[in-house]
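Trainee: Would you mind keeping the following structure in view while I ask a few things?
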Amino acid sequence: MDKQIKVALPKGRLLAQTAARLQKVGWGLNGYQEKTRLYRISSQKFPDLTAKVFHERDIPIQVAIGNYDLGICGSDWMEELMAKYPSSALLEVGNLGYGDAALYAAGSPEGVSTIEEMKTKAEIIRIASEYPNLAESFALKSRLRRVSIFPLWGAAEAYPPENADLALVCGTIEELSGYGLVPVSKVLSVSACLIANKSSWEAKDMGGVVTPLLNKEPVQQAVEPETIRQYPGQRPRYTPSEDVVWFALPDGHQQEHTSRLLAKAGIPVDDYPSATGNRRPTTTISGVAIKVIRPQDMPLQVANGNFDLAITGRDWLMEHLYQFPSSPVQELIDLKLGGVKIVAVVSQELSISDAKGLREFNAKRAVPLRVASEYINTADNYARDNHLGLYRVIPTWGASEAFLPEDADLLIENAQTGRTIARHNLKIIDTLSESTACLIGNTNRTPSPTKQERINSIIKALQTAVKEI
């Protein structure tokens, strides 16, 4: 009988408190701490206990499919999975008594309505969220007549009121206020929880590991509270206008490069990048409104008309087009910034050097090839185009290199130098494409003459700036 107990532990907001709890109960996971660069950790106390560190959103999926026996994550991500897959092999073992927050449906003070008022509206209620399954469940339970759900990678708080009526956001009332939002409805309470795979829970004796963990005595190690970023100023009053150009700029590591390019193009943007987390920088160009959102979300948001122009990576544009081949979104300019390659990666332990070798490797197996990626549609297209045989795509939300070799056989990932891949004992066997930042737009929409003139002006300015690079 397999006695090994595999545990999935969270990165991010729950890491410090989880590490303190595990230290208190004596799990002996000395490598699990803030700013750790370790993904795989062995217990000094329990010889059969091993752990791996994941993005919190990945943990319920990994436990449900049986890659891990136990997991610690926020109950919001467990409920998000269960909302779509209620019969999945996921079991909540217990509330761990920390990481308290709530999932709220929230809106801008300028455009918010009560749920009762929203029930009577004939127009579509737009809901933006990282939690699309819970957003759909919330809309059904609230009996909203017409709803459009915008699934996001993040930054949902930036969307109301111009690009969404509501955002489902996890946090506290104080954090909502910091975003410039007010709660309309509390969707669910959130806390850290211990989850288990049902089959593992029934087959393995995990009492010695689990019982001390469920003791909810306060953690003795002091944990610094997260700093609440205050929303810089008042959220501007929204006045709809068909002449305003909505321009989406990327958050994350591309901000500095994008800011320099915009300055070169003569497009002044104030407070970008922002030290306070402001997602609504301003520009002196008349009739242009700017928001800072995730590059992953931009193609879909341009396609559905929330933005007229956006700067994203070609990798995310292609990911969108693989899912929606007839999408009206197109690349308008190659901005020649932030070049990366989209690559196929396997463990160095495998004697595979190309797609043909991968195909031969999978032909000898009795189980489907496991393909992990943030680019789920790109990964699916690669597997089909290369006739890899039976395969299963595993969605990830970061730290994808940690999946190989235990939890996936193939990784579709972006890489600049390949050093990170090599450091994790992995190797590149194929290059799918090369990606740089690009300006995208919706080619099917017919804007007003004034808006079209403004769009053309931005395109021309960026084209001129790129020529000078």
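Trainee: May I ask you to say which residue of Glu116, Glu80, Glu136, Glu130 is of a type outside the set (Lys, Arg), under 26 Å from Ile293 (Cα atoms) and surrounded by fewer than 21 Cβ atoms within 10 Å (Cβ to Cβ)?
Mentor: It is Glu136.
Trainee: If a residue has to be surrounded by fewer than 20 Cβ atoms within 10 Å (Cβ to Cβ), in contact with a helix residue (DSSP H, G or I) (Cβ under 7 Å, 6 or more places away or on another chain) and among the hydrophobic types (A, V, I, L, M, F, W, C) to count, how many in the range 1-56 make the cut?
Mentor: 2
Trainee: Name every residue in the range 3-58 that is among the hydrophobic types (A, V, I, L, M, F, W, C), closer than 25 Å to Ile421 by Cβ and within 20 Å of the chain's Cα centre (by Cα), in order of residue number.
Mentor: Ala8, Leu9, Leu15, Val53, Phe54
Trainee: What tally of residues in the range 118-134 results from selecting those that are over 12 Å from Leu166 (Cβ atoms), part of a helix (DSSP H, G or I) and more than 20 Å from the chain's Cα centre (by Cα)?
Mentor: Going through the range 118-134 one residue at a time, the tally reaches 1.
Trainee: Scan the range 168-178 and give yes if some residue there is aliphatic (A, V, I, L, M), modelled with pLDDT under 95 and assigned to a strand (DSSP E or B), otherwise no. Please lay out each step first, then the result.
Mentor: Taking the range 168-178 first, the residues aliphatic (A, V, I, L, M) are 168-169, 173, 176.
Right, trim to modelled with pLDDT under 95 and you get 173, 176.
Checking the rest, the ones that are also assigned to a strand (DSSP E or B) come to none.
The answer is no, given that none of the residues of the range 168-178 is aliphatic (A, V, I, L, M), modelled with pLDDT under 95 and assigned to a strand (DSSP E or B).
Trainee: Kindly establish whether Gly97 is under 22 Å from Gln296 (Cβ atoms) and out of contact with any Cys (no Cβ under 7 Å at 6 or more places or on another chain).
Mentor: no
Trainee: Please count how many residues of the range 360-377 are part of a loop (DSSP other than H, G, I, E, B) and either within 26 Å of Ser433 (Cβ to Cβ) or in contact with a helix residue (DSSP H, G or I) (Cβ under 9 Å, 6 or more places away or on another chain) (or both).
Mentor: 3
Trainee: Looking at the range 307-344, which of the residues that are touching a His at 6+ places or on another chain (Cβ under 8 Å) and among the hydrophobic types (A, V, I, L, M, F, W, C) is nearest to Thr446 (Cα to Cα)?
Mentor: Among those that are touching a His at 6+ places or on another chain (Cβ under 8 Å) and among the hydrophobic types (A, V, I, L, M, F, W, C), it is Val329.
Trainee: Another one. Checking Pro160 against (1) within 19 Å of Trp246 (Cα to Cα); (2) surrounded by fewer than 21 Cβ atoms within 10 Å (Cβ to Cβ), which single condition isn't satisfied?
Mentor: So Pro160 meets the others, but not (2).
The values are calculated or read from the model by the stated rules, or taken from the named source; none is laboratory data. Keep in mind that this is a model prediction, so the values were computed, not measured. Cβ atoms come from the backbone with ideal geometry, glycine included; neighbour counts cover every protein chain shown.
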